[in-house]
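These notes are about the structure you will find just below.
Computed from the coordinates by the stated procedures, all read-outs in this text should not be read as laboratory data. Note that the structure is predicted; figures quoted are calculated from it, not measured. Note that we place each Cβ from the backbone using ideal geometry, even for glycine, and neighbour counts take in every protein chain shown.
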Amino acid sequence: MARRQEQESAREEVTEVARDVLRMELPIRMPGLGHVNMYALIDSEGAAVVDPGLPGKATWKAIEKRLAQAGLEVRHVHTVVVTHSHPDHFGGAARFAKEAGAKVIAHREFRFGVMEQPEQPEVSVDDLTKQVDDSPTEAASHARVLKGWNARTPWGGEHPKPGFRTRMKWRAAKMLGGSFIPQVTHPVRAGDRLVLAGREWIVTHTPGHTEDHICLHDPDEGVFLAGDHVLPTITPHISGLAFHPDPLHNFFESLDRVAAIPGISNCLPAHGHPFEDLAARTEAIKQHHFERLDRVKAIGRELGPANVQAFSQKLFKPRSWGGMAESETYAHLEHLRLSGEADSHRDREGMLVYETG
Ligand SMILES: [Zn+2]
Ligand SMILES: [Zn+2]
């Protein structure tokens with residue numbers, strides 16, 4: 001697969017991507033991703049930052065360096081906005097709160113590591129390339145540390161065990177008390193208005209990739225902070241492991257919701273480069289999932305009654321097999337079941353078995 005822009009390594013340069021909005025690329029090592037964009041929104045008081053990277057020293061060093069390039073110091077950051085509860089987005093938030101007294105803004109349902117959701121990778125299995133030794137993402141592994149390693153998936157499969165280094169890293173993080181998980185001081189909901197970069201931004205709730213995902217837009221200048229909801233060339237991971245019974249349906253609704261925002265001409269994603277046409281990109285992402293749903297139905301016709309693992313192994317290439325592929329397959333099967341296009345029952349071993357017409 002050609003290298004995607006979301007996989008490019010973090011560049012040092014700081015670029016103004018909208019009026020008083022600076023893009024600062026921070027390094028991350030996660031499957032399928034090479035950097036995360038922290039945006040600094042500058043005003044007369046200092047700056048608000050959106051999605052300040054992974055927890056840890058390497059990120060913090062990069063943050064200090066990028067801020068310095070813009071003539072800023074950590075103490076100037078009065079606000080952190082977190083688009084959703086993945087560690088590559090909230091990693092620096094707790095430290096900004098501690099060192100700069102920054103307020104932390106996130107959706108009021110922001111939660112991390114408190115539910116049976118050990119499978120929370122960032123990008124769709126289609127877009128993963130093996131970059132690092134540990135294939136499950138750090139997010140996935142961390143949630144598992146908090147909940148224990150051996151939980152069974154709702155469809156009866158086993159969660160994949162993360163690599164040794166990931167396990168050790170998160171065990172250490174747990175011993176530190178999970179102090180990198182921020183306290184949200186200013187929870188927001190859909191329709192709330194925030195003043196950032198000296199102008200008003202509107203919050204849109206966009207569940208799908210996570211249930212607590214938010215996007216922000218500036219209606220006057222047509223700028224849209226997309227988080228992971230709409231990425232330029234890859235599709236975000238939609239996990240079947242969610243509180244909501246049909247996360248894929250939620251995701252479609254959230255894509256339609258942002259496509260309907262009038263006047264957007266500048267989309268700023270959390271990974272990859274800015275792009276212009278939000279509606280076209282949301283449509284392309286939906287098409288990808290519609291094709292996948294058709295493929296799942298065809299597999300069902302071919303296999304007859306089959307469990308999630310069997311579906312996932314037809315849907316994905318062997319190198320992608322495992323819990324993440326099963327989680328995405330499960331999300332698609334449940335979407336078909338809840339829209340009346342599939343049936344399910346449990347077999348004697350407790351495995352969910354699906355039939356598509
Ligand atoms: Zn994410
Ligand atoms: Zn992300």
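For the range 304-347, which GluC sites (Glu not before Pro) pass both filters: DSSP loop (anything but H, G, I, E, B) and at most 11 other C-beta atoms within 10 Å? Don't jump to the answer; show the numbers that get you there.
Working: sites: 326, 328, 334, 341; in loops: 341.
When the GluC sites (Glu not before Pro) of the range 304-347 are filtered for loop state and at most 11 Cβ neighbours within 10 Å, nothing remains.
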Practice item. Would you mind ranking 337, 193 by Cβ crowding within 10 Å, fewest neighbours first? Key: 193, 337
Practice item. Figure the gain on full extension for residue 199 and residue 186 (residue separation times 0.36 nm, minus the Cα-Cα span) and round it to one decimal in nm. Key: 2.9 nm
Practice item. Please report how far the C-alpha centroid of the range 21-91 lies from that of the range 204-267, rounded to the nearest whole angstrom. Key: 20
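How much length would be gained if the chain were fully extended between residue 43 and residue 339, taking 0.36 nm per residue of separation minus their Cα-Cα distance, in nm to one decimal?
That pair, residue 43 and residue 339, stretches by 101.9 nm at full extension.
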Exercise for review: Subtract the Cα-Cα distance of residue 103 and residue 279 from 0.36 nm times their separation in residues, and report this length gain in nm to one decimal.
Suggested key: 60.2 nm
Practice item. Determine the alpha carbon to alpha carbon distance for each of 65/103; 286/314; 286/317; 61/98; 61/286 and list only those over 27 Å. Key: 61/286
Exercise for review: Note down the nm distance, to one decimal, between modelled labels 7 Å out along Cα→Cβ at residue 111 and at residue 78.
Suggested key: 3.3
Revision key, fill the gap. The FRET efficiency for residue 348 and residue 11, from their Cβ-Cβ distance with R0 = 51 Å and rounded to 0.05, is 0.40
Review point. Taking the highest mean first, how do the peptides 82-95, 41-54, 260-273 order by number of other beta carbon atoms within 10 angstrom per residue?
Key: 82-95, 41-54, 260-273
Point to revise | Order by protection proxy (mean Cβ within 10 Å, highest first), peptides 209-218, 310-319, 10-19 | key: 209-218, 310-319, 10-19
Review point. Using the per-residue mean of other Cβ atoms lying within 10 Å as a proxy for protection, in what order, highest first, do the peptides 58-70, 293-305 fall?
Key: 58-70, 293-305
